[in-house]
Amino acid sequence: MSARGRVVGAAYAAGWSGVRRLPARPARTLFDRGADLAFSRQGKGVRRLRSNLARVVDATPALAGTDLDALTARAMRSYARYWREVFRLEDVTPEQIRTDTVLVDGEHLWEAVAKPQGVILALPHMGNWDAAGYWLTDAGIPFTTVAERLEPASVFDRFVAFRESLGMEVVPLTGGEQPPGGLLRDRLDAGGVLCLLADRDLTRGGVPVDLFGETATVPAGPAMLACRTGATLLPVTCSFDQGAPWTLRLHPPVPDPGTGRLADRVQAMSQGMADAFALGIADKPEDWHMLQRLWQVDLDPRPPVA
């Protein structure tokens, strides 16, 4: 392991052990101050977050006149809150997760899980998706998710162990015994539930969609699996502080056109998923934790084929 890897691994280990021992108020103060410091330094990730939020604001009439710097500062605090809660989530009791989670339009979820076909819950990087997963497993809805492989390996292993401790089945995006697609399809064919983060394509082979007036690519997996298995594709957006610490908003199922080429059906469903994400993000933009490049105009061009 490289020196940097050892430092990163030690930092995460310290987070899980040290932050859990802090009382709630000092922990919040510590992470808020860290977020404010990061914002003041205007590093690469903060600048990218501001740029991403600028597109949301520019494309959303209800956000006209929003102070973009203030919004970005709040978004950094929201991002810090996610990490603070992740480090402490194993200490949250099932009773707390039930009391502190608000479900908006939850009938979409109950109707979907009552069907014999599987369910694909598609989420953007928003709010606390790990707390959402904890709520699902506590509600008797076990699910499978895919984890991006992180470096160093100790950090990835810690995240897998953490999520499995909350009742999730976690499969790696890369580096596993086999690609995850077959296993995910098996889970849906058996009537299972998947939770997939789906607002950022990690392969550059995703589906182009319109998102806030610009072209972005999203993973093809959620729509492709829905088309091939008949599973319900249900977008979910998570946010903070709407009457309780965690809010889960269930959007209406994305319809499958049902006819035509598979590629066209996947395109249509991916766009419907992106439209639902946009509604949730526009409602609480500060809770969208997108510190990476997303839109095609911001991505580096692909290298020429030799």
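Where a number appears in this text, it was derived from the coordinates with a stated rule and is not lab data. The shown structure was predicted, so the numbers you read here are calculated from the model rather than taken from an experiment. Methodologically, a virtual Cβ is constructed for each residue, glycine included, from the backbone with ideal geometry; neighbour enumeration extends over all protein chains shown.
Structural remarks
- Inter-centroid distance (Cα atoms) of region 25-48 relative to region 51-71, Å: 20
- Beta bridges by DSSP in the chain, antiparallel share as percent, to the nearest 5: 40
- Kirkwood-based Rg to Rh ratio, region 185-294, C-alpha trace: 0.97
- Which of ASN128, LEU37, PRO222, positive extreme of dipole for the chain (C-beta unit charges): LEU37
- Every helix of 4 or more DSSP H residues in the chain counts as -39500 (n - 2.57), and over all residues that averages to -15000 deg cm²/dmol at 222 nm.
- Ranking of LEU103, LEU121 by count of other Cβ atoms within 10 Å, fewest first: LEU103, LEU121
- Residues ILE120, ILE281, ILE141 arranged by fewest to most Cβ contacts within 10 Å: ILE141, ILE281, ILE120
- Mean Cα-pair separation over length for region 94-285, i.e. relative contact order, pairs under 8 Å, 6 or more apart, %: 30
- Distance from region 251-290 to region 130-199 (C-alpha centre basis), Å: 21
- Convex hull volume per residue for region 1-91, taking Cα atoms only, in Å³: 129
- Gaussian network model of the chain, Cα within-10 Å springs - most flexible of LEU196, LEU248, LEU63: LEU63
- Region 237-285, relative contact order [Cα under 8 Å, separation at least 6], %: 34
- The mean sequence separation of alpha-carbon pairs under 8 Å and at least six residues apart, normalised by the residue count of region 1-91, gives a relative contact order of 44 percent.
- Under conditions of 25 °C and 0.890 mPa s, the chain yields 121 µm² s⁻¹ as its translational diffusion coefficient, taking Rh as the Kirkwood radius over Cα pairs in the Stokes-Einstein equation.
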